[in-house]
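Participant: First the structure, which I've put down as structure tokens, then a few questions once you've had a look.
The values are calculated or read from the model by the stated rules, or taken from the named source; none is laboratory data. Everything quoted here is computed from the prediction, not taken from an experiment. Reconstructed Cβ throughout: ideal geometry from the backbone, glycine too, with neighbour counts over all protein chains shown. What goes into the accessible areas is simple: the full protein's heavy atoms, side chains included, and nothing from ligands, DNA or RNA. Shrake-Rupley method; radii C 1.70, N 1.55, O 1.52, S 1.80 Å.
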Amino acid sequence: MSVAKKDYKKVTTNTLGEMKQNGEKISMLTAYDYTLAKIIDGAGIDVILVGDSASNVMAGHETTLPITLNEMIYHAASVVRAVDRALVVVDMPFGSYQGNSLEALSSAIRIMKESGGHSIKLEGGSEIIESVERILTAGIPVMGHLGLTPQSIYKFGTYTVRAKQEEEAKKLLADAKLLEQAGCFALVLEKVPAKLAQQVAESINIPVIGIGAGAGVDGQVLVLHDMLGMTHEFNPRFLRRYLSLFDEITGAVQSYVSDVKSTDFPNEKEQY
Ligand code: KIV
């Protein structure tokens, strides 16, 4: 089933702007490896985010802070090798852009050169605007990320909904406009009230892609392993699970163990 209004052959940053103009919602999922990236690209996803959530999902860290630039480049290069159509966005990891704008630029250049990714994403607004501007001068497309920004978890103290209070909501709206003015091609809004997210999407011309930000934005993003039901413990209200792979994989492995133990596997046809 497809609800695309137009068949975009290869998705570029311009395509996303066109989609917003045409009222076509943008679909985005994370991927960190070749095999799953190949599947979701073939299935028609518009944008693949090589998220720093790889720190949690792939490496088992409690937060996104430990993942390194080298590790992000490794994941991104694996994804890029799989992709024919989707736009690949690569997260800049914690510590690779906050120090100063020159360091930010050299980190972004490493990502683009060594992974072949098509664009980068970084977290924050006015605090990192110099880095955003410097990266853009090199012709590297930048996606912003506001609301719940997991790299600042120790500042927030919790993963609850952000910008519920007027002051924080005002700053978020101002940051969104600042990122648009600087030249970002899109913006992720994570875990903010739906009404505010819609207000942001209506106030700027670049696409706003939400996660836990309601339906009034220009697109949606989820972590692939969460929407496939591979993870168990993470149950936020915004998450829709399309499969229960944790249970399916558990069942398959149990069957395999049992078949090996009982000498049912391999059978006559499964050997040389
Ligand atoms: O790293 C990530 O997966 C993300 C999404 C949650 C937007 O930044």
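Participant: Determine whether segment 65-77 contains at least one residue that is in contact with a strand residue (DSSP E or B) (Cβ under 6 Å, 6 or more places away or on another chain) and within 24 Å of Ala43 (Cβ to Cβ).
Facilitator: Yes, some residue in segment 65-77 is in contact with a strand residue (DSSP E or B) (Cβ under 6 Å, 6 or more places away or on another chain) and within 24 Å of Ala43 (Cβ to Cβ).
Participant: Moving on to the next point. Tell me which residues, restricted to segment 31-45, are within 16 Å of the ligand (Cβ to nearest atom) and in contact with an Asp or Glu (Cβ under 9 Å, 6 or more places away or on another chain).
Facilitator: Ala31
Participant: Let me ask something else about it. Here are Gln165, Gln198: which of them is of a type in the set (S, T, N, Q), surrounded by 14 or more Cβ atoms within 10 Å (Cβ to Cβ) and more than 17 Å from the chain's Cα centre (by Cα)?
Facilitator: Among Gln165, Gln198, only Gln198 is of a type in the set (S, T, N, Q), surrounded by 14 or more Cβ atoms within 10 Å (Cβ to Cβ) and more than 17 Å from the chain's Cα centre (by Cα).
Participant: To continue, here is another question. In segment 125-146, which residue that is among the small types (Gly, Ala, Ser) and either touching a Gly at 6+ places or on another chain (Cβ under 8 Å) or part of a helix (DSSP H, G or I) (or both) is nearest to the ligand (Cβ to nearest atom)?
Facilitator: In this case the residue turns out to be Gly144.
Participant: Would you mention how many residues in segment 217-272 are out of contact with any Gly (no Cβ under 8 Å at 6 or more places or on another chain), within 30 Å of Ile206 (Cα to Cα) and among the basic types (Lys, Arg)?
Facilitator: So the count comes out to 1.
Participant: Return the pair list, or none, for Cβ contacts closer than 9 Å from residues in segment 168-195 that are outside the structural domain of Glu130 (by TED's automatic domain parsing) to residues that are surrounded by fewer than 17 Cβ atoms within 10 Å (Cβ to Cβ) and assigned to a loop (DSSP other than H, G, I, E, B), at least 6 apart or on different chains.
Facilitator: Close Cβ pairs (under 9 Å, with a partner that is surrounded by fewer than 17 Cβ atoms within 10 Å (Cβ to Cβ) and assigned to a loop (DSSP other than H, G, I, E, B)) do not exist here.
Participant: Another question, if that's okay. Would you mind finding the one in Lys20, Lys25 that is assigned by TED's automatic domain parsing to the domain that holds Leu222, open to solvent by 60 Å² or more (accessible area, probe 1.4 Å) and modelled with pLDDT of 95 or more? I'd like the intermediate steps shown before the answer.
Facilitator: Details: Lys20 fails: open to solvent by 60 Å² or more (accessible area, probe 1.4 Å).
Lys25 is the lone residue from the list that is assigned by TED's automatic domain parsing to the domain that holds Leu222, open to solvent by 60 Å² or more (accessible area, probe 1.4 Å) and modelled with pLDDT of 95 or more.
Participant: Could you grab me the full set of residues in segment 78-106 that are open to solvent by less than 10 Å² (accessible area, probe 1.4 Å), touching a strand residue (DSSP E or B) at 6+ places or on another chain (Cβ under 7 Å) and either basic (Lys, Arg) or assigned to a helix (DSSP H, G or I) (or both)?
Facilitator: Val79
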